[in-house]
Amino acid sequence: MKNVLLISTRKGLVIAEEINDNWKVTESHFDSIPVTMSYEDPRNGNWWVALDHGHWGVKLHRSDDKGKTWKELTPPTYPEGAEIKPGIKASTTYIWSINHGGLSNPERMIIGTIPGGLFISEDNGVTWNLNSSLWNHESRANNWFGGGFDHPGIHSINLDPRDENKIQIGISCAGVFESEDNGNSWFAKNKGLTAEFLPDPNSEYGHDPHLLIRSKNNSDCLWQQNHCGIFKSSNNGKIWEKVSQPGGPAHFGFAIAVAEDNYNQVWVAPAIADEKRIPIDKALCICRTDDGGKNWIDLRKGLPQENCFDIVYRHSLLAKKNFVAFGTTTGNVYYSKNKGDNWIPLSNNLAMVHALTLAKK
């Protein structure tokens, strides 16, 4: 099997393949329809795609044959009477994260949505159930709110490989939440984070993690690109430590990727915060740390350094061994064969990139 990139764009799912040690766009699916998320299930190789159809709403598709055919599934639906807030009906407006439900549950899938509901399927996506414990959490009504969207959303889902009953999720804006009992109960894990936009920056709830990732070679090491900086936890989220670059670009951003073989090696995509959200000095840059955030280096070779308006959304940066790739809001995709030291354009002609997924075909 060969490596492929699933590129989720505002105008469909674009497939790029590794051919003779270089990458090339080879096909596309769902042309003209926004693809909000793509995912390959590592247990069976199935591809999943979430759509945000402007007229028909949220759609969900699965391919069991690497994109040759697609099966449309019923997307997660909020139960009758569910409300975001009193008088505001809850309905699925966006699928923001997709994850498998563990090796011991081969047909379990988990989806995170806007407006903040976590859905679980026990039959490979045929039916979905809202996780009522999280939806009814005491903090949701008054301490969850929208960031870039009108309502809160679940963009990160992480299972602990040592105990698949332990699930950690990232919610914008609410923070990091964990369940130790397969979703039956939830508690916040935000100690050490700062939310500068709140009256109490050290509040238990209301934080804005932009993406939450667990290291693959050290399950106790968690990373997040937060609205208020880059944070690392060495004890499974009990305490967070800010590791942003003092006076440097590595601070605000959306995306973060962790090396599979080195929990201290991490890439981020810096931007200017809040009302601007463009590259710093209009120069595209990826930053990498090799020592757990003590030091950061700029990776700019091959990237535009003037008059650039690209930023990188939270699911649009990935790393595997020496290969690093990212997609931008202006439809550019770049990749590196040497961990970001040099960048090569894969395409400069796509629509806005929402997510990148490394898969097999």
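Please treat every number below as a calculation from the coordinates, not as lab data. This one's a predicted model, so the numbers in the text were calculated from it and none came from an experiment. Here the Cβ is made from the backbone with ideal geometry for all residues, glycine too, and neighbour counts use every protein chain on show.
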So the check is Cβ under 9 Å with 6+ separation or different chains; which pairs have a first residue in the stretch 156-168 that's hydroxyl-bearing (Ser, Thr, Tyr) and a second one that's not in a strand (DSSP E or B)? Ser156/Arg314
Which residue pairs have Cβ atoms closer than 7 Å, lie 6 or more positions apart in sequence or on different chains, and pair a first residue in the stretch 285-310 that is over 25 Å from Ser234 (Cβ atoms) and without any contact (Cβ under 8 Å) to a residue 60 or more places away in the chain with a second residue that is hydroxyl-bearing (Ser, Thr, Tyr) and part of a loop (DSSP other than H, G, I, E, B)? Phe309/Thr330; Asp310/Thr328; Asp310/Thr329; Asp310/Thr330
So is Glu164 buried (at least 16 other Cβ atoms within 10 Å of the Cβ), among the acidic types (Asp, Glu) and more than 19 Å from the chain's Cα centre (by Cα) or not? yes
It is to be established whether one or more residues within the stretch 285-298 are in contact with a Pro (Cβ under 9 Å, 6 or more places away or on another chain) and within 21 Å of Ile7 (Cα to Cα). yes
Take Ile239 and decide whether it is surrounded by fewer than 21 Cβ atoms within 10 Å (Cβ to Cβ), closer than 11 Å to Ile311 by Cα and hydrophobic (A, V, I, L, M, F, W, C). no
Search result, residues across the stretch 90-124 that are of a type in the set (Gly, Ala, Ser) and either outside any loop (DSSP other than H, G, I, E, B) or closer than 16 Å to His61 by Cα (or both): Ser97, Gly112, Ser121
Unique residue being under 18 Å from His210 (Cβ atoms) and of a type in the set (A, V, I, L, M) when the list is Ala283, Ala255, Ala259: Ala255
For the stretch 326-333, check the following and say yes or no: at least one residue is part of a loop (DSSP other than H, G, I, E, B), within 24 Å of Ile154 (Cβ to Cβ) and either among the hydroxyl-bearing types (Ser, Thr, Tyr) or touching a Lys or Arg at 6+ places or on another chain (Cβ under 7 Å) (or both). yes
Considering only the stretch 24-51, state which residues are surrounded by 19 or more Cβ atoms within 10 Å (Cβ to Cβ) and either charged (D, E, K, R) or assigned to a loop (DSSP other than H, G, I, E, B) (or both). Phe30, Ile33, Pro34, Glu40, Asp41, Asn46
Output the number of the condition that Glu260 fails; it satisfies all remaining conditions of (1) surrounded by 14 or more Cβ atoms within 10 Å (Cβ to Cβ); (2) within 20 Å of the chain's Cα centre (by Cα). (1)
Among the residues of the stretch 1-23, how many are in a loop (DSSP other than H, G, I, E, B) and charged (D, E, K, R)? 4
Out of the strands (runs of 3 or more DSSP E) lying entirely within the stretch 220-320, which hold 3 or more residues that are of a type in the set (A, V, I, L, M)? 253-258, 266-270, 317-320
Scanning the stretch 264-286 for residues that are buried (at least 21 other Cβ atoms within 10 Å of the Cβ) and either under 18 Å from the mean Cα position of the chain (by Cα) or of a type in the set (Asp, Glu) (or both) gives Val266, Trp267, Val268, Ala269, Pro270, Ala271, Ile286
Would you please name the residue that is surrounded by the most Cβ atoms within 10 Å (Cβ to Cβ), looking only at residues in the stretch 287-320 that are of a type in the set (Gly, Ala, Ser) and under 25 Å from Trp96 (Cα atoms)? Ser316
Filtering the stretch 227-254 for residues that are out of contact with any Lys or Arg (no Cβ under 6 Å at 6 or more places or on another chain), within 24 Å of Ile278 (Cβ to Cβ) and in contact (Cβ under 8 Å) with a residue 12 or more places away in the chain leaves a count of 12
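Residue by residue, here is whether (1) touching a strand residue (DSSP E or B) at 6+ places or on another chain (Cβ under 8 Å); (2) of a type in the set (S, T, N, Q); (3) assigned to a loop (DSSP other than H, G, I, E, B) holds:
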{"position": "Gly146", "(1), (2), (3)": "yes, no, yes"}
{"position": "His151", "(1), (2), (3)": "yes, no, yes"}
{"position": "Leu159", "(1), (2), (3)": "yes, no, no"}
{"position": "Lys166", "(1), (2), (3)": "yes, no, no"}
{"position": "Ile169", "(1), (2), (3)": "yes, no, no"}
{"position": "Gly175", "(1), (2), (3)": "yes, no, no"}
{"position": "Gly183", "(1), (2), (3)": "yes, no, yes"}
{"position": "Asn190", "(1), (2), (3)": "yes, yes, yes"}
{"position": "Leu193", "(1), (2), (3)": "yes, no, yes"}
